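Below is one structure; the comments refer to it alone.
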């Protein structure tokens, strides 16, 4: 956890008076179940200790003033609660705007603004969900300041709406849902179609979850993400010549294989295959973890990566090399890319006594090809977004 005293000092330095409240919102990793959340499938994420902090004080006017310790050169950004609209020049504060707009639509007008100092410990572009962390954080702040009592599920839905409607990104609900509902030492098995979920214990006394950050700038991620979603929707349309489904997540592997000829397009078929098979893998992996069958869990992680590489085509050379290097290391149970793809991070499940050699060997193999080192750190589970003081 970041130094609380330092965070309050930074607020005072920026706004010239003392801050009142401190909040934290975690990042997340997805253990398995990638690109299934907008296909009506299952996901299996957990929240992690890197995340987003906010020091906040309520004000008497209807203005929000925001400052990011990660982008100090941008200075203080401000907007009125009475007239909120998306503006490209607003940059990162569009996430605040979107949440506060939709919260007011749901609960009524907010009559008091606030000043907020934001500081994130999630590496920029790491695909550990800094945007959802910020969205849910704003929801938790509003819940507290205005005594709204919005549920974690509601905050997650509002966060997804910010992405879909306010920012025009066709993302699913997984990131916001885990961040708003996480439990320490647990992963969350979520049916994204029904929003039913189970907290599954994630205690690994003999293993560590290792995050490997490729540090590769994520290019084309928004446009390609939207394209993948459109391709899956088109596959559903074609399958419905004989079936009656709303999403690919409704299909068993057998049903898909019997009807895949209807898609009649090689690329669309590959996209649909990933969504269907990954959904089944996620169910199987959750059961394996419950039974402490880590070897099986790791095998499914490996299969997931291959599918993301070959069928969904969202890996890049950097992330693919990280995973393949991880597979070669003693003590690696399984490894895969995590997040939306086109850069970002990979994860591996590694035996405790092999972690240090794993880090060294994977860094060396990566540097030999790309001439810089990836960042590697251990993931520890975290609670949901919350007030800290």
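Give the dimensionless ratio obtained when the Cα radius of gyration of region 164-228 is divided by 2.2 N^0.38 Å.
Computed over Cα atoms of region 164-228, the ratio equals 1.44.
Using a Förster distance of 35 Å, how high is the FRET efficiency between residue 71 and residue 149, based on the Cβ-Cβ distance and rounded to 0.05?
Rounded to the nearest 0.05, the efficiency is 0.65.
Choose one answer from 75, 340, 40: the residue with the largest mean-square fluctuation in a GNM of the chain with alpha-carbon springs under 10 Å.
Residue with maximal mean-square fluctuation among 75, 340, 40: 75.
What angle, in degrees between 0 and 90 and rounded to the nearest 10, separates the Cα long axis of helix 317-327 from the longest principal axis of the Cα atoms of the chain?
Once rounded, the angle reads 60 degrees.
Between residue 293 and residue 234, how high is the FRET efficiency from 1/(1 + (r/R0)^6) when r is the Cβ-Cβ distance and R₀ = 41 Å? Nearest 0.05. It would help to have the intermediate numbers written out before the result.
Details: r = 37 Å, r/R0 = 0.89.
Once rounded, the FRET efficiency stands at 0.65.
From a point 7 Å beyond the Cα of residue 59 in the direction of its Cβ, which residues of region 12-45 have a backbone N at a distance under 16 Å?
What the label zone holds, given the 16 Å backbone N cut-off, is 12-21.
For region 77-95 and region 2-57, what is the separation of their C-alpha centers, rounded to whole Å?
Comparing the Cα centres of region 77-95 and region 2-57, I get a distance of 20 Å.
Please give the length that would be gained between residue 389 and residue 373 if that part of the chain were fully extended, namely 0.36 nm times their separation in residues minus their C-alpha to C-alpha distance (nm, one decimal).
Extra length from residue 389 to residue 373 when fully extended: 2.0 nm.
Nearest 10 degrees, 0 to 90: what angle lies between the long axis of helix 355-370 and the longest principal axis of the chain (Cα atoms)?
Value to nearest ten degrees: 90.
Where is the GNM fluctuation largest for the chain (alpha-carbon springs, 10 angstrom cutoff): 110, 29, 347?
Taking springs between Cα atoms under 10 Å, the residue moving most is 110.
What residue among 344, 108, 98 shows peak mean-square fluctuation when the chain is described by a Gaussian network model with Cα springs under 10 Å?
In the Gaussian network model the winner is 108.
State the antiparallel share, in %, of DSSP beta bridges confined to the chain, rounding to the nearest 5.
Counting only bridges with both partners in the chain, antiparallel ones make up about 90 percent.
Relative to the first principal axis of the alpha-carbon coordinates of the chain, what is the inclination of helix 266-290, with its axis defined by its Cα atoms, in degrees from 0 to 90 and to the nearest 10?
80 degrees
Quick one: length gained pulling residue 16 to residue 89 fully straight, 0.36 nm per residue minus the C-alpha distance?
Value of the extension gain: 23.8 nm.
Which whole number in µm²/s is D for the chain by Stokes-Einstein, with the Kirkwood Rh taken over Cα pairs at 25 °C and 0.890 mPa s? Walk me through the numbers before you get to the answer.
Numbers: Rh = 21.6 Å.
For these conditions, the coefficient is 114 µm²/s.
No value in this document is a laboratory result; all are computed from the given coordinates. If you're wondering where the values come from, they're calculated on a predicted model, not measured in any experiment. Note: ideal-geometry Cβ built from the backbone for every residue, glycine included; neighbour counts use all protein chains shown.
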